[in-house]
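Step one of this worksheet: look at the structure below.
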Amino acid sequence: MPGSVVFLMVIAVVVVIFAATGVRVVRPYQKGVVERLGRYLRTADSGITLIIPILDSMRKVDMREQVVDVPPQEVITRDNVVVTVDAVVYYEATDPVKLIYNVADFWTAATKLAQTNLRNVVGEMSLDDTLTSREKINAELRKILDEATDKWGTRVVRVEIQRIDPPKDVTEAMHRQMKAERERRAMILEAEGDKQSAIERATGDKQSQILMAEGQATAIQTVADAHRYEKIAVAEGEAQAIASVYGAIHEGDPTNDLIAIKYLEALQAIADGKASKIYLPLETAAFLGSIGGIGDLFRPDGDDDKDSPEKVALVEKRPADPLERPRLRSDY
């Protein structure tokens, strides 16, 4: 093989290798910082980028969100309690040029910066505030770190406190306090329940008694109305009966004979032997005269001594008969 052919082959291989070293591939989540002879030339986006070998160089920067784990550290709170705090910082690159040229070791710088500011933020708070105000600590720490890392071409997305561990004796005291507080709340709730139950029972008893009294009052009123209605109905019936009897008597125009017979029937009912005492009218003479007159009514007309002077005198001496008995023939 001639020497010229070998020389051409060598030159071709060198050209191929030289061209291959000048081709760079930048991924979608990366940015490429191109330098020429140690000076910043340009920023390459994702895709294929050509550079001049030997003269140019390119450094790739990951633009995705990164995590910086802050090591646990002991922090003294405002009330002189030592707590162990562990935090995590999330950041993302915004300017690859600043990230490369403004900070030598971003990881170390971000870790130390987070530890220092975490100590400052927690040191201004009491233990109770530290344990109950994690959101506040996260917000303040993120704001401080974001302002400090802005010149490094990064943006702090968020800061999360993983854990805050008080000393063991403080933790035990907090547990006892929490237990006592829960027992106190349980006793208060139980007392409130008993109180409410007693109130409800008293209200129920009151309503029951009120309803019972109202029912009794309604029943008494109903019974009274029934009795009143009964008496009114009986009185009206008796009044109507008396009026009917009275009207029938006057319409029938009874004679003295009928009245005398009814009088005797009444006397017979009085003297039936059931009563221990019998009260007769004070006008006994008139009563006896009435009986005699009634006897004369039933005496036969043929009696010889009916017109005797003694009988006429006896009749004349009698007082006026209230029943207006019929006159005897000796009266004429």
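Values quoted throughout were computed directly from the atomic coordinates according to the rules given, and no laboratory measurement underlies them. The structure displayed is predicted, hence computed values, not measured ones. Quick reminder, even Gly has a Cβ in these numbers, built from the backbone with ideal geometry, and neighbours come from all protein chains shown.
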* Rounded to whole Hz, the Karplus (6.51, -1.76, 1.60) HN-Hα couplings of region 101-116, x for glycine and proline -> 9, 9, 9, 7, 10, 5, 4, 5, 5, 5, 5, 5, 5, 5, 5, 5
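How much space per residue, in cubic angstrom, does the convex hull of the C-alpha atoms of region 191-253 take up? Write out the running numbers ahead of the final one.
Numbers: hull volume 1.6 nm³, N = 63.
About 25 Å³ per residue, rounded to a whole number.
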* Work out Dmax and Rg for region 28-88 from the C-alpha atoms and quote the Rg first, both in angstrom. => 21.2, 63
* Structure fact -> Whole-Hz Karplus couplings 3J(HN,Hα) for region 171-188, θ = phi - 60° and coefficients 6.51, -1.76, 1.60, Gly and Pro as x, run 5, 5, 4, 5, 5, 5, 5, 5, 5, 5, 5, 5, 5, 4, 5, 5, 5, 5
* Structure fact -> Along region 6-15, Karplus-curve 3J(HN,Hα) (6.51, -1.76, 1.60; θ = phi - 60°) to the nearest Hz, with x for Gly and Pro, reads 5, 5, 5, 5, 5, 4, 5, 5, 5, 5
* Structure fact -> With a Förster distance of 25 angstrom and the Cβ-Cβ distance between residue 17 and residue 37, calculated FRET efficiency to the nearest 0.05 equals 0.75
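How large is the convex hull of the Cα atoms of region 127-262 per residue, expressed in Å³ as a whole number? Working shown, then result.
Working: hull volume 30.5 nm³, N = 136.
Enclosed volume per residue, from the Cα hull, is 224 Å³.
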* Asked: Name the trypsin sites (Lys or Arg not before Pro) in region 29-128 that are in a loop by DSSP and that have at most 12 other C-beta atoms within 10 Å, would you?
  -> 64
* To do: Note down the net charge around residue 59, summing +1 for each Lys or Arg and -1 for each Asp or Glu among other residues with Cβ under 10 Å from its Cβ.
  => +1
* Give or take rounding to whole Å, what are the principal axis extents of the alpha carbon atoms in region 66-166, in descending order? -> 44, 20, 18
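From the cross-link list 31/112; 143/168; 98/136; 112/143; 136/168; 60/151, which pairs have alpha carbons spaced over 22 Å apart? Don't jump to the answer; show the numbers that get you there.
Details: 31/112 26 Å; 143/168 32 Å; 98/136 30 Å; 112/143 16 Å; 136/168 25 Å; 60/151 19 Å.
As for pairs spanning more than 22 Å Cα to Cα, those are 31/112; 143/168; 98/136; 136/168.
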* Asked: Say the dipole of region 191-253 comes from +1 at the beta carbon of Lys and Arg and -1 at that of Asp and Glu; which of 204, 215, 235 then lies farthest toward its positive end?
  -> 204
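If neighbour count is taken as other Cβ atoms inside 10 Å, put 77, 111, 84 in order from fewest to most. Let's see the in-between values first.
Working: 77 21, 111 16, 84 13.
Ordered by Cβ neighbours within 10 Å, fewest first: 84, 111, 77.
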